[in-house]
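What follows is a set of notes on a single structure, which appears directly below.
The values are calculated or read from the model by the stated rules, or taken from the named source; none is laboratory data. Small disclaimer: the values here were computed from a predicted structure and weren't measured. Please note: Cβ atoms are built from the backbone with ideal geometry, for glycine as well, and neighbour counts cover all protein chains shown.
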Amino acid sequence: MELKEEPVAPTLAHKLGNSSPACPHAQAEQATLFDARDYISGDQFKVVRCRNCQIAFTQPVPSPDAWSRYYPQAYHGAAGAKRFPAPVEWLQHQLYAARIRRMEKFNGGRPGRVLDIGCGRGFLLQEFRRRGWDVLGTEADDKAAGHAQRVLQLPVKVGVLETLELPAASFDTIVLWHVLEHLADPTQTLVEVHRLLRPGGTLLVGVPNFGSWEARLCQDKWFHLDVPRHLAHFTPASLERALEQAGLGLCGRSAFAPEYDVFSFVQSLLNRAGLRHNYLYNRLRGQGAKVLGNPNGQFAQLIGTLLIGAPLAVLSLPATLLAGLLGQGSVLTAFARKS
């Protein structure tokens, strides 16, 4: 049976008389926060905040034909090859399973149909499938979808979400796991998520926490800033507002993401200390996934990373635990429901 399109329910923005919930980010409403440099290309950008919606943005947005400069061939890692050390990927799988169990509670304690937008290498979608969910993923291009499609044998559609013409109200759960920050217009994607969710359906969204202590202390040295790949930067308040304007009510939030928090703490402070930006991150990436060349003085970088990083690693455990308890973790995880 063919599913018919349903109109998007009125949102707060529609009630205020706007034709779209997307904020126009008028030039007069933008305040420059700081300058930032891409650690891969060396190109300069700036981070601005819209006083209206409170979302911060990277400017300028690269042109479509320039993105290969910021996503080198090794960025996604070769299909079938490990991108990170085995213990890190094992921890990811355990945490993915825990988040899926929570989604199942929202779904009446049973599996359903899930859409993972920007599914990347497909590990989260694979966990959904293992637990009996009917799964579908999307990715922007064939290169990004390669591992999920060819190695994990997952169904993945390639293209921009709004152009894939997926049926309305056809998913119980939608996942935006570290995807919104990559979008120049994240609010428009949330509107499409609302259209695709069944009534009562839930959204799992993860984004870096631009309002965290770590982000405020480190600013352009913050590991999760990652300009220009990250185009939108959310605080808890701006994320909740964006969800509400798209007709998605917040029903849970967490500032704990152990697979990100500890490393982000160490790498951000190493960056702040003046070592080569994201040097440790690049060292830990798989052999076919490194994005930085070998600089002059690499031995000094390695020694400095070890000497400073070791005590930071010990400090990171209590520091990130406290930050998470106080809602100041480096990553936000939110659960929202279509009413």
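Here are a few things to note about the model shown:
- Test: residue in region 21-38 that is surrounded by 12 or more Cβ atoms within 10 Å (Cβ to Cβ), at pLDDT 85 or above and part of a loop (DSSP other than H, G, I, E, B): yes
- Filtering region 207-237 to residues that are acidic (Asp, Glu) and at negative phi leaves 214, 220.
- Odd one out for residue 289 among (1) under 29 Å from residue 52 (Cβ atoms); (2) in contact with a His (Cβ under 8 Å, 6 or more places away or on another chain): (1)
- Of the residues making up region 283-304, those that are outside any loop (DSSP other than H, G, I, E, B) and either surrounded by 17 or more Cβ atoms within 10 Å (Cβ to Cβ) or acidic (Asp, Glu) (or both) are 289, 301, 304.
- Number of positions in region 174-220 that are part of a loop (DSSP other than H, G, I, E, B), more than 22 Å from residue 127 (Cα to Cα) and of a type in the set (A, V, I, L, M): 2
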